[in-house]
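The values are calculated or read from the model by the stated rules, or taken from the named source; none is laboratory data. All figures in this text were calculated on a predicted structure; none of them were measured in a lab. No Cβ is skipped: glycine too gets one built from the backbone with ideal geometry, and neighbour counts run over all protein chains shown.
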Amino acid sequence: MLLQQLVCLELDLSGRIDNTNELFNYFDIDIELHYYLRPDDQNFTANAENILAKRSGTTKYKMFSNLDWSVGFEHLFGFTQHCWLFHDLYAPNSHNYPALSIQDMLRIGDIWINVVPQFQYFIDAPIRAFSLRYICPLNQHYGSTHFTTYSGKRIPTFPDTPRQNDFKVEDIIQGLSNQCKYFGQTKHFYSIAQHSLLVASLLPQKLRPAALLYSAPIAYMGELPNNLKPKMHAHRRYENRLRSAIGHRFGVSPTLFDSALLKEAKSRVEATEQRDVLPNIIDTVNNFETVKPMQKFITYLSPEDARKSFHVELKKYLPSAFNYTR
């Protein structure tokens, strides 16, 4: 699966591989894997992450230019170090990680894989980070469908994770500005984009990109009300994976999404929404009695106005996001 992603670089590098002046040498790739329990496992808990094991580390690769591609090589990349991250399931005590037993391997329902090229000598080549999810054959009880985004991208739906180059900022803007929060059970139309704008307005500039993209997964999966999220563990896990992948795609560290300041700003905006947007409904999960709403009352934005404002703020605080055209 990793090599399938790496081979995408082949077209970008064609014509340069025989140039002796090119520094096609080793490059490092950070890989993180989470092994999740099957839903029918006796230790599976509905409101938990259900991680059986984690693996992370760096794998080295090298570009070769003098091989006969017709004999056993279908791509330009070769291993200089065996990828222990994928084979440690059966390798005893590989790299100080205890091996998983056959019994434990049978308990795995799916594997989350996050891949980030951290250093490349051919620095002008596109650096492609990606995330993917592998459903173990013993647990293929989910279906998989696709939908088409505003920009024309064909995106897989749950449980499959889109590739990082599937995410486009115009799709996020379109999706968040056209979706009403709280399932539309509001006094007037109130978009998720406007909610994100209010959260960002309460934060220092360095956190505003994370605030603007925090709700970006909703553009691809829709929104659940707060009182359902704790019960929908698969939904919550999938949302977190999308958020992390989107952060990597647009250069926002996923750790910023867990900032205490960001969470505080979200709570304050939600308290304000309860006062100004919701028709006197008490949230059953969050207690806003100790959270002070914003002093200024919310002025509703139309989808078009929310779209324009969201575009302006993203362009201001995350201009690099608009450089991804493919």
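Quick notes
- Pairs, first among the β-branched types (V, I, T) in region 183-209, second part of a loop (DSSP other than H, G, I, E, B), C-beta under 8 Å, six or more apart: T186/V277; T186/L278; T186/P279; I192/Q179; I192/S215; I192/E223; V199/Y214
- Q140 satisfies every condition listed in (1) surrounded by fewer than 17 Cβ atoms within 10 Å (Cβ to Cβ); (2) at pLDDT 95 or above except (2).
Residue-wise test of (1) crowded, with 17+ Cβ neighbours inside 10 Å; (2) modelled with pLDDT of 90 or more; (3) in contact with a strand residue (DSSP E or B) (Cβ under 7 Å, 6 or more places away or on another chain); (4) not assigned by TED's automatic domain parsing to the domain that holds L262.
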| residue | (1), (2), (3), (4) |
| --- | --- |
| F147 | no, no, yes, yes |
| F167 | yes, yes, no, no |
| I172 | yes, yes, no, no |
| P225 | no, no, no, no |
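- Region 248-270 residues that are touching a residue at least 60 places away in the same chain (Cβ under 8 Å) and assigned to a helix (DSSP H, G or I), paired with ones that are surrounded by fewer than 17 Cβ atoms within 10 Å (Cβ to Cβ) and among the small types (G, A, S) (beta carbon under 8 Å, 6 or more apart): F250/S320
- Among the residues of region 275-298, none qualifies, meaning not one is part of a loop (DSSP other than H, G, I, E, B), at pLDDT below 95, touching a Phe, Trp or Tyr at 6+ places or on another chain (Cβ under 8 Å) and farther than 21 Å from H188 by Cα.
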